[in-house]
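Working notes, structure below.
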Amino acid sequence: MNKDIQYAVKASIPIFIGYIPAAMAFGILSKGAGISLLECFLFSAMVFAGASQFIALNLLLTGMGPGGVILTTLLVNFRHFLMSASLASRVDDITRRFHFLFAFGVTDEVFSVLSFKEGKLSKSLILILQFSAYSAWVSGTIVGYVLGGFMPEALTNSMGIALYALLLAILLPEMKKSTKSLILAISAGVLNTILIKLDVLPNGWSIIICIITIALVGAFIVPSEKKEEAYG
Amino acid sequence: MDNVILTIIGMTVVTYLPRLIPFLVMANKKVPARVDAFLKCIPVAAIGALIIPAIFNSTPDKPIAGIAGITFTLVFGLWKGGIIVPVLGSVAVTYLVFMI
């Protein structure tokens with residue numbers, strides 16, 4: 001089997017495992033919010049962006065109109081602009097038509113796995129990862145909506161941790177390898193925690209400010225050990 | 001058109017465009033070294049910024065459960081590495097602490 005495909009299949013399993021419970025939680029909450037099964041499906045199938053879907057549900061419940069929800073979504077998901085920018089420079093021999101497909105699946109988790117894959121990103125690697133993420137997200141949503149009532153609440157709550165555990169497990173080898181990465185990751189996390197606690201910025205802005213500030217510091221102030229090769 | 005459908009369509013557009021534009025603008029182009037250094041720092045900054053605040057909020061009913069789960073991932077990940085055991089183990093630990 002092709003090495004890239006092997007890597008992709010292996011990396012897809014934890015994404016799948018992390019997405020199913022999170023998507024089920026979204027399905028369960030949608031049903032509780034009085035949204036139809038079709039609408040719930042369209043949320044996951046068209047928007048395909050976890051955190052913003054949960055926020056949108058809450059806002060719809062408070063009676064906010066489409067304009068407010070859409071604007072909030074733009075802010076919450078704008079971090080993907082930075083993630084796409086970081087990935088775009090690494091897929092140079094892929095046709096334009098493929099970019100439209102690739103861009104649709106740039107989620108936090110897919111981005112994280114691709115970020116620490118060394119070397120160029122192949123089409124099969126990207127497609128396998130995104131397909132498993134997407135199918136887990138959409139099918140989990142429907143299963144949650146239909147079967148949600150039968151799951152114990154403590155279990156659904158616990159399954160939500162899988163996404164963060166996944167991100168941490170992806171990040172750890174990088175932080176072990178490079179002190180610079182360790183410092184940048186922790187600073188970004190502390191800064192974002194402080195900004196969220198201060199609660200002066202609209203939802204979604206704090207993480208964008210964190211990413212830009214810390215990446216600027218990383219690029220201009222903190223010297224890198226050896227060659228800038230660590231991230232691929 | 002119904003409000004929810006209108007909201008979904010709008011959300012789709014504002015989520016997809018920021019994901020797409022960098023590909024259209026930047027792919028197949030050489031970026032200056034400084035910009036490249038900035039882009040390479042984005043992954044660690046983004047993942048760090050996503051994880052740390054979430055640890056304290058992921059299980060709002062019982063924060064200690066989520067913290068225990070993530071601690072398992074941290075310890076096991078540093079010790080043995082891998083992805084599947086740290087992920088599934090964190091769910092199991094979180095659930096156990098919930099049940100106590």
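What follows draws every value from the coordinates through simple rules; no lab data is involved. What you see is a predicted model; the values in this text were computed from it and never measured. All Cβ positions, even for glycine, are placed from backbone atoms using ideal geometry, and neighbour counts span all protein chains on display.
One table, with the values for the structure above:
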| quantity | calculated |
| --- | --- |
| Options A:Met159, B:Phe72, A:Met83, ranked by Cα towards positive dipole end of the protein assembly as shown, top entry (Cβ charges) | A:Met83 |
| Scattering curve values for chain B, log₁₀ I(q)/I(0), Debye with Cα scatterers, q = 0.17, 0.20 Å⁻¹ | -0.92, -0.97 |
| More than 26 Å apart - percent of Cα-Cα pairs taken over the range A:121-232 | 44 |
| Residue mean of other protein chain beta carbons inside 10 Å, B:79-87 | 6 |
| Shielding by other protein chains, A:209-216, mean Cβ within 10 Å | 6 |
| Rounded to 10°, Cα long-axis angle of helix A:50-61 versus longest principal axis of chain A | 30 |
| Equivalent ellipsoid semi-axes, the range A:1-136, via Cα gyration tensor eigenvalues times 5, rooted, Å | 30, 17, 11 |
| Neighbour-count ranking [beta-carbon atoms within 10 angstrom, fewest first] of A:Phe100, B:Phe72 | A:Phe100, B:Phe72 |
| Per-residue Cβ neighbour rank within 10 angstrom, fewest leading, B:Trp79, A:Trp137 | B:Trp79, A:Trp137 |
| Distribution of pairwise C-alpha distances over the range A:174-213, 5 Å bins, in % | 5, 27, 27, 18, 11, 8, 4, 0 |
| Helix runs (DSSP H) in chain B reaching 30 Å along axis by Cα, Kyte-Doolittle at least 0.0 | B:3-26, B:33-57 |
| B:Lys80 paired with A:Leu155, simple spin-label distance in nm, labels 7 Å along Cα-to-beta-carbon | 2.4 |
| Cα-derived Rg over Rh, computed across chain A with Rh taken as Kirkwood radius | 0.97 |
| Long-range tail of P(r) for the range A:28-75 (Cα pairs > 18 Å, %) | 20 |
| Shielding by other protein chains, A:67-74, mean Cβ within 10 Å | 5 |
| Candidate lysines for bridging to A:Lys197, where Cα separation is under 22 Å - those fewer than 8 sequence places away on the same chain excluded | B:Lys62 |
| Sequence ranges A:181-187, A:24-30, A:148-154, ranked by mean other-Cβ count within 10 angstrom, highest first | A:24-30, A:181-187, A:148-154 |
| Cα centroid separation - the range B:58-100 against the range B:1-40, whole Å | 33 |
